[in-house]
Amino acid sequence: MFASRLATARLLGYRLLWTVHQVYPHESHDRRLDRHGARLLAGACDLLLAHDRWTANEVDSKLAGRRRAIAIVPHGSYVGVYPEGRPREDVRRELGLPQESFVFLCFGELRAYKEIELLLAAFSSVRLPHARLVVAGNVKDAKIAATLRSAAETDDRIVTVGGFVAESRVAELFHACDAAVLPRGEPGTSGSLILALSLGLPVVAADVATVREVAEDGEAGWLFRPHDAASLRAALESAADPAEARARGGRAGEIAEGLRWTDTAREVAVLLRQIDV
């Protein structure tokens, strides 16, 4: 069915473009079917886009036989997208966060591949009595839900904000915190990373190619060895310096300001015009 729809679209004269965030789905039930589908799609497309060099290289290595080379166009930022919201002090008070505490935020849909359990294990052993961890977003995995619930019940430094976070509350939640944590150890396009930079928060993130490329080799945060709870714990402890976090948060904002959607649109427009040549 998928192949026939692609073929029909081409017969009808449609131009097909695939922006590749990752070659295969994060959550797979049949990797062989994923490979076949990805190759079909890539072969039918007139243009493939990636947001970073690592993903482009993955396309080169895994999707042989595609119709076109892949172009790299940076992911635009979310600067100015979300309203400012309430003052930091009010949001902290609502969440039960002491005003003087250093607060880490893990934000987004909570799925298995994001390694939330690794973060909980690392945070449980950090030597930071005044630190807090806010985990916010829809939980999409029953095991993660149970682990998160247990962690919050046994460690009063962990605060959960369950369910969908309304757009009006996104910026105020980030601004109530001091650093964002991205425990995912696999490379690939990360909207959560772009969002944190856009809202001026430094990141504690896995030391993978895509993070290094976007976060300027850690200038906008602290990097840890992927899938390593001890390394993540050390990064969290290093990050809990308010002055340094503000400095690296400033760098995060500068990086995000350079990711302009107008530039992205201009580059894509040039590529689209080349298809019709």
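The values are calculated or read from the model by the stated rules, or taken from the named source; none is laboratory data. Because the structure is predicted, anything quoted here is derived from the model rather than measured. Glycine also receives a Cβ, built like all others from the backbone with ideal geometry; neighbour counts cover every protein chain displayed. Surface accessibility is based on the protein's heavy atoms, side chains included, excluding ligands, DNA and RNA. Shrake-Rupley method; radii C 1.70, N 1.55, O 1.52, S 1.80 Å.
Worth a mention:
- Scanning segment 3-19 for residues being of a type in the set (A, V, I, L, M, F, W, C), open to solvent by 100 Å² or more (accessible area, probe 1.4 Å) and in a helix (DSSP H, G or I) gives a total of 1.
- Flag for A38 being crowded, with 19+ Cβ neighbours inside 10 Å and either farther than 19 Å from V268 by Cβ or at pLDDT below 90 (or both): yes
- Residue pairs meeting the criteria (Cβ under 6 Å; at least 6 apart or on separate chains; first farther than 10 Å from L110 by Cβ, in segment 122-148; second hydroxyl-bearing (S, T, Y) and surrounded by fewer than 19 Cβ atoms within 10 Å (Cβ to Cβ)): H130/S101; R132/S101
- Residues of segment 43-81 classified as at pLDDT below 90, touching an Asp or Glu at 6+ places or on another chain (Cβ under 8 Å) and surrounded by fewer than 18 Cβ atoms within 10 Å (Cβ to Cβ), total: 2
- Within segment 1-27, residues that are under 21 Å from A69 (Cβ atoms) have Cβ atoms under 8 Å from residues that are outside any loop (DSSP other than H, G, I, E, B) and open to solvent by 50 Å² or more (accessible area, probe 1.4 Å) in these pairs: L6/L40; R15/L272; L16/R10; L17/L272; V23/K62; Y24/R31; Y24/R35; Y24/K62, counting only partners at least 6 apart in sequence or on another chain.
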